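Values in this text are rule-based calculations from the coordinates and carry no lab data. What you see is a predicted model; the values in this text were computed from it and never measured. With ideal geometry, Cβ positions are generated from the backbone for all residues, glycine too; neighbour counts draw on all protein chains shown.
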Amino acid sequence: MRLSLCEMLIEIVFSNTAHRLINWKVLKLYIPRIMLQFIQLSLLLVED
């Protein structure tokens, strides 16, 4: 139980901090790409 609880706590803390750091970096990188893909898809749908 101790190990599982410690692992859970570590995962929760690490995931929280990692999510804040990684999400910001990843979002900065991927928002433009996602927007471009979304625009391309919408244009394709409009063309059809």
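Observations
- Within segment 1-44, restricting attention to residues that are surrounded by 10 or more Cβ atoms within 10 Å (Cβ to Cβ) and small (G, A, S), the residue that is farthest from the chain's Cα centre (by Cα) is S42.
- Check on E47, more than 17 Å from the chain's Cα centre (by Cα) and exposed (fewer than 10 other Cβ atoms within 10 Å of the Cβ): yes
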